[in-house]
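Report on the following structure.
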Amino acid sequence: MKRWAAMAKAFTRIGKDIVMAVKDGGPNPEANSRLRAVIQNAKAANMPKENIERAIKKATDKDTANYKEVLFEGYAPHGIAILIETATDNNNRTVANIRSYFNKCNGSLGTQGSVEFMFDHICNFRIPKGTIDLEELELEMIDFGVEEVFEDEDGILIYAPFESFGAIQKELENRNFEILSSGFERIPQVTKELTDEQVADVEKLLEKIEEDDDVQNVYHTMQE
């Protein structure tokens, strides 16, 4: 059940990303680089093709509400900073819900800029393994903002600052690399170690936030 819930949440998140991408740059992936990236991620998450096509069609409907990306910042118990990315068609509802989670779990919703500076905003790309020399690739991609390239069992991962996303996507496509997935992350600069009891307090809040339909991603400074 938990796996299905996670998959449903992932599909909902990608569905919103598709709507935002289509409203932003049109329904043709060839002419819309943002939509191309979202479709790649949808395939990587095993989202059925018909679901992707349905989401694109729905997004072109004038009556489909657009989503606004809103960032929330605050503190969980024990001084753990939390950063929440949301995509919402009703900001009042989202604010009320997020505030209630913090209040119920002894946290506090902060003001804009109160914790964002504690996280590095980065982008990432995953491409298939092949006969690529990692060092050579890293050297060739430095000019486009790439800071780190490494390999894991699922492919080659490329990391760079958030603002380098467009330049790297374009260069990888120009070189005919298949982009398996891409995205953005916020990495805490410093993490804090907690006791098991304290971790449970923080996780109670994180679970409530993550279950909210308007929430896309949650980041925190608790040591994993």
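Okay, here's what the table says:
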{"quantity": "FRET efficiency, 1/(1 + (r/R0)^6) with R0 25 Å, evaluated for ASP213 and THR60 via beta carbons", "calculated": "0.65"}
{"quantity": "Å² of accessible area per residue within segment 1-72, as computed with a 1.4 Å probe and no ligands counted", "calculated": "64"}
{"quantity": "Peptide ranges 20-30, 76-86, 4-14 listed from the most packed, as the mean C-beta count within 10 angstrom indicates", "calculated": "76-86, 20-30, 4-14"}
{"quantity": "Helix 165-174 vs. the chain, principal-axis angle (Cα, 0 to 90°, nearest 10)", "calculated": "30"}
{"quantity": "Relative contact order, percent, segment 47-114 [alpha-carbon distance under 8 Å, six or more residues apart]", "calculated": "32"}
{"quantity": "Degrees separating the helix 196-211 axis from the principal Cα axis of the chain, which is the longest one", "calculated": "60"}
{"quantity": "Nearest 10 degrees, 0 to 90: helix 49-60 Cα axis against the chain principal axis", "calculated": "80"}
{"quantity": "Mean Cβ neighbour count within 10 Å, used as a protection proxy, ranking 118-126, 106-114 highest first", "calculated": "118-126, 106-114"}
{"quantity": "Relative contact order (percent, whole number), the chain, Cα cutoff 8 Å, 6+ residue spacing", "calculated": "22"}
{"quantity": "Computed helical MRE - 222 nm, the chain, DSSP H runs ≥ 4 contributing -39500 (n - 2.57), nearest 500", "calculated": "-14000 deg cm²/dmol"}
{"quantity": "Surface share of carbon and sulfur [accessible, 1.4 angstrom probe, percent] for the chain", "calculated": "47"}
{"quantity": "Packing-based order for 135-145, 177-187, using average beta carbon neighbours within 10 Å, highest first", "calculated": "177-187, 135-145"}
{"quantity": "Å² per residue, accessible surface of segment 110-224 at 1.4 Å", "calculated": "59"}
{"quantity": "Cα principal axis extents for the chain, largest first, Å", "calculated": "50, 45, 35"}
{"quantity": "Base-10 log of normalised Debye intensity for segment 1-81 (one unit scatterer per alpha-carbon) at q = 0.13, 0.15, 0.20, 0.27 Å⁻¹", "calculated": "-0.48, -0.60, -0.88, -1.28"}
{"quantity": "Enclosed volume per residue, in Å³, of the convex hull spanned by Cα atoms of segment 52-173", "calculated": "183"}
{"quantity": "Separation of the MET7 and GLN223 label points, Cα + 7 Å toward Cβ, nm", "calculated": "3.6"}
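The values are calculated or read from the model by the stated rules, or taken from the named source; none is laboratory data. These numbers come from a predicted model, not from an experiment. Cβ atoms come from the backbone with ideal geometry, glycine included; neighbour counts cover every protein chain shown. Each accessible area value is taken on the protein alone, full model and side chains, heavy atoms only, with ligands, DNA and RNA left out. Shrake-Rupley method; radii C 1.70, N 1.55, O 1.52, S 1.80 Å.
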